Amino acid sequence: MRGQGGQGGQGRVLYLAFILPHLPQPPQLPQLPKSMPRPGYTLPVFASAAAVAALRHLQQYETRQDKATQPSVAIDLLDPPETVKIPIESVAALKPGTALAVSRSDPGDNLDLTRNTPIWALVEILASTDDKRDGNPEEAIEIVGGEGLGRNTQTGEAAVYAYARRLLRSNLMRYLEAGDRIRATIILPEGRSLALRTSNAAFGIVEGLSLLGTTGISQPLSAPGQLEAYREELRAKSRQFDDLVFCIGESGLNLARNLGVPPDRLIKVANWIGPLLVEAGLQKLQSILLFGYHGKSIKLAGGIFHTHHHLADGRAEILTAHCANLGLPSSVLREIFESATAEDALECLQKLDAQTHSNSVMRVYSSISATIDRRARDYIQKHSQAEVEVGSILFDRQRQIIVKSEIGADILDRICS
């Protein structure tokens, strides 16, 4: 039986080998290019588009031209020097001399909390001057921060930075004649609530978001395609040094330099902390110092190694767990758990220390930093089978260091010596 079965099987194989080449073949699917992350535009671009749309609507209103909503407006980005079309959602005259236009943020493939948020621009025509010479943009165009736009606690001014002001004035001036004057009020209706989900307060910006940026293009720093650029920087620096500092967020860079960390040892990481820790293991680094704002770094103590808020948070839970493990009162645990931000939770602990002459802040944050060190080290070992020493330093919104882990202090001394 086994011999007969073998011969029959051989015959079937020969038969299939004969007929298969003559069967119709399925169509070959085209080779699609690898998906690249799509860039978008920064908030100042959409604010400028809304302002231009409102101004153009007013000018049409005054000349009794067709006032149909413009589907888009052309905006010169200045940096880079190119003109793009930005969609306008709606525009209307509120009264003679005043119009409101609305655009919506599109940051591209960034995991950005401003995605699809509305940006309003209220433009008012002011009394013209008698000066018929070429207008000065700063005198001709007044820029005001409205509801939802942050305020700088040190200066009291609206958080409209240099590029945003230059972009607004440059694009609006091309529609003004000498002597014309306007006021553009930028409003972010969702800005106040969105700001609670950021670390803006660490930069001294309260009550809303910033019109921040030095370019019109929003590069997808948090999109997967950007990760390779971070890896390349890490690989290059690992060929020079055994110990590097990961700055978790922009705010840590200057503080790290002020502590004496050489700039060429610094790597600014976005939210890709986990993959970059693994890359550090693959590159056989001796140690990594995690240096960051506590409101983001706390996530690492919970094993959250991609820190973007769209993916995971858990800060209140992590803080509460460490407080409970150290035996803090239940009333404090409840207040920590219900805190709107990590900064609020820190202030709760600082208040407890002031009232009871205890050392709760240092105890809690020492526990958190030690856990960050351990979990980061274990994460590297698990995914790269490499042993890398990891330490951490956490600071608050005033950029004052809250805690240095024991390992973190040792690494800092080694790097700065």
Looking at Ile182, Ile187, Ile143, which is the one that is touching a Phe, Trp or Tyr at 6+ places or on another chain (Cβ under 6 Å), in contact (Cβ under 8 Å) with a residue 12 or more places away in the chain and within 19 Å of Val52 (Cβ to Cβ)? Ile187
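Looking at segment 89-102, can you tell me whether even one residue there is of a type in the set (A, V, I, L, M), part of a strand (DSSP E or B), in contact with a Pro (Cβ under 8 Å, 6 or more places away or on another chain) and modelled with pLDDT of 75 or more?
First pass over segment 89-102, keeping only residues of a type in the set (A, V, I, L, M): 91-94, 99-102.
Applying the additional criterion that residues be part of a strand (DSSP E or B) yields 91-94, 99-102.
Restricting the remaining residues to those that are in contact with a Pro (Cβ under 8 Å, 6 or more places away or on another chain) gives 102.
If we keep only those that are modelled with pLDDT of 75 or more as well, we get 102.
Yes, that holds for at least one residue.
Could you say whether any residue in segment 128-142 is among the polar types (S, T, N, Q) and touching a strand residue (DSSP E or B) at 6+ places or on another chain (Cβ under 9 Å)?
Within segment 128-142, the first condition is being among the polar types (S, T, N, Q), and the residues that meet it are 128-129, 136.
Then keep just the ones that are touching a strand residue (DSSP E or B) at 6+ places or on another chain (Cβ under 9 Å); that gives 128-129.
Yes - at least one qualifying residue is present in segment 128-142.
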Return yes or no: is Val269 open to solvent by less than 10 Å² (accessible area, probe 1.4 Å), modelled with pLDDT under 85, within 25 Å of the chain's Cα centre (by Cα) and β-branched (Val, Ile, Thr)? yes
Confirm whether Leu290 is in a loop (DSSP other than H, G, I, E, B), open to solvent by less than 10 Å² (accessible area, probe 1.4 Å), closer than 22 Å to Lys404 by Cβ and of a type outside the set (D, E, K, R). no
Out of the residues in segment 75-88 that are assigned to a strand (DSSP E or B) and open to solvent by 40 Å² or more (accessible area, probe 1.4 Å), which is farthest from Thr117 (Cα to Cα)? Thr83
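Has segment 301-311 got at least one residue that is outside any loop (DSSP other than H, G, I, E, B) and open to solvent by 50 Å² or more (accessible area, probe 1.4 Å)? Before you say what the answer is, go through the steps one by one.
Let us first name the residues in segment 301-311 that are outside any loop (DSSP other than H, G, I, E, B), namely 301.
If we keep only those that are open to solvent by 50 Å² or more (accessible area, probe 1.4 Å) too, we end up with none.
No: segment 301-311 contains no residue that is outside any loop (DSSP other than H, G, I, E, B) and open to solvent by 50 Å² or more (accessible area, probe 1.4 Å).
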For Leu234, all conditions in the list (1) part of a helix (DSSP H, G or I); (2) modelled with pLDDT under 80; (3) surrounded by 15 or more Cβ atoms within 10 Å (Cβ to Cβ) hold save one; what is the number of the exception? (2)
Filter segment 316-353 down to the residues that are in a loop (DSSP other than H, G, I, E, B) and within 31 Å of the chain's Cα centre (by Cα) and list them by number. Glu338, Ser339, Ala340, Thr341
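So which of Gly225, Gly252, Gly213 is open to solvent by less than 70 Å² (accessible area, probe 1.4 Å), assigned to a helix (DSSP H, G or I), in contact with a Phe, Trp or Tyr (Cβ under 9 Å, 6 or more places away or on another chain) and at pLDDT below 80?
Working: Gly225 fails: in contact with a Phe, Trp or Tyr (Cβ under 9 Å, 6 or more places away or on another chain); Gly213 fails: assigned to a helix (DSSP H, G or I).
Exactly one residue qualifies, and that residue is Gly252.
Is one or more of the residues making up segment 162-185 assigned to a strand (DSSP E or B), out of contact with any Gly (no Cβ under 9 Å at 6 or more places or on another chain), hydroxyl-bearing (Ser, Thr, Tyr) and crowded, with 20+ Cβ neighbours inside 10 Å? Can you show your working first?
Quick first cut of segment 162-185, residues assigned to a strand (DSSP E or B) only: 181-185.
From what is left, the residues that are out of contact with any Gly (no Cβ under 9 Å at 6 or more places or on another chain) are 182-184.
Add one more test, that the residue is hydroxyl-bearing (Ser, Thr, Tyr), and what stays is none.
Taking every residue of segment 162-185 in turn, none turns out to be assigned to a strand (DSSP E or B), out of contact with any Gly (no Cβ under 9 Å at 6 or more places or on another chain), hydroxyl-bearing (Ser, Thr, Tyr) and crowded, with 20+ Cβ neighbours inside 10 Å.
The values are calculated or read from the model by the stated rules, or taken from the named source; none is laboratory data. A quick note: this is a predicted structure, and the numbers were derived from the prediction, not measured. Every residue, glycine among them, receives a Cβ derived from its backbone with ideal geometry; neighbour counts consider all protein chains shown. These accessible areas exclude ligands, DNA and RNA; they are computed on the full protein's heavy atoms, side chains included. Shrake-Rupley method; radii C 1.70, N 1.55, O 1.52, S 1.80 Å.
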